[in-house]
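Read-outs: derived from the displayed coordinates by stated rules, not from any lab. Please read all numbers here as calculations on a predicted model, not as lab measurements. For neighbour counting, all protein chains shown are included, and Cβ atoms are generated from backbone atoms with ideal geometry for every residue, glycine included.
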Amino acid sequence: MRFTLNCEGTETLGKILGESLPTGTFLALSGDLGGGKTTFTKALAQGLGFSGEVTSPTFNLLHIYEGGRAPLYHFDLYRIKNPEELMDIGFEEYVESDGITAAEWAEYAGEALPERRIELHFEKAGETERTVEILPVQCELGAELERRLMELQ
Ligand code: ADP
Ligand code: MG
């Protein structure tokens, strides 16, 4: 599925996914700097029912948001130098746990990237327009979620 979204659209997408995704889901976020990966993740946290502030984990690699219907593990792998660093921060344990994981720059996870994942690719299409491509890999979005996403088009 491919969308062209303004800022509000990106937020709506995040909220819908936060409300609907089953726990254990891994979201692999990729694409342009400024493409909206962090903006999307803030809305994802809201959709999960988290009400606090969400900031980019660029320098910490991981922020954890608890208090919603499931914990959100928010990674930003931009500064990862080698996959061993992922082991050190317990990447795989978080991914396999009962939360929802959103990893910005997921392509840097290399072999640690889970096989079952939903890929979201963000590209700048204008000042306030972004194209977002959603691709479930070895999993399905489900009919109800697909229906809600169709309304975004
Ligand atoms: P990334 O994490 O991918 O680097 P951010 O979410 O941090 O991107 O930044 C996206 C920037 O682009 C924000 O300043 C946001 O306000 C702006 N923006 C403009 N249009 C959009 C849009 N349609 N979707 C998401 N962000 C947008
Ligand atoms: Mg970001």
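Being crowded, with 18+ Cβ neighbours inside 10 Å and within 13 Å of ligand 2 (Cβ to nearest atom): is that true of Gly36 here?
Working: crowded, with 18+ Cβ neighbours inside 10 Å: yes; within 13 Å of ligand 2 (Cβ to nearest atom): yes.
Against the criterion (crowded, with 18+ Cβ neighbours inside 10 Å and within 13 Å of ligand 2 (Cβ to nearest atom)), Gly36 qualifies.
Considering only the stretch 100-153, how many residues are buried (at least 20 other Cβ atoms within 10 Å of the Cβ), in contact (Cβ under 8 Å) with a residue 40 or more places away in the chain and among the aromatic types (Phe, Trp, Tyr)?
The qualifying residues number 1.
List, please: which pairs have Cβ atoms under 8 Å, are six or more places apart or on different chains, and start with a residue in the stretch 43-58 that is within 28 Å of Lys81 (Cα to Cα) and end with one that is in a loop (DSSP other than H, G, I, E, B) and among the aromatic types (Phe, Trp, Tyr)?
Short answer, once both residue conditions are applied: Thr58/Tyr78.
Counting residues that are within 14 Å of ligand 1 (Cβ to nearest atom), of a type in the set (Ser, Thr, Tyr) and within 16 Å of the chain's Cα centre (by Cα), which strands (runs of 3 or more DSSP E) fully inside the stretch 1-88 reach at least 2?
none
For the structure I just gave you, tell me whether Glu133 is of a type in the set (D, E, K, R), outside any loop (DSSP other than H, G, I, E, B) and under 19 Å from Lys15 (Cβ atoms). Walk me through how you get there before you give the answer.
Values: of a type in the set (D, E, K, R): yes; outside any loop (DSSP other than H, G, I, E, B): yes; under 19 Å from Lys15 (Cβ atoms): yes.
Taking the combined requirement at face value, the residue satisfies it.
Residues of the stretch 107-122 being within 15 Å of Asp76 (Cα to Cα) and part of a strand (DSSP E or B), which ones? Talk me through it step by step, then tell me what you get.
Just the residues of the stretch 107-122 that are within 15 Å of Asp76 (Cα to Cα), to begin with: 107-110, 112-113, 119-122.
Residues satisfying the conditions are Glu119, Leu120, His121, Phe122.
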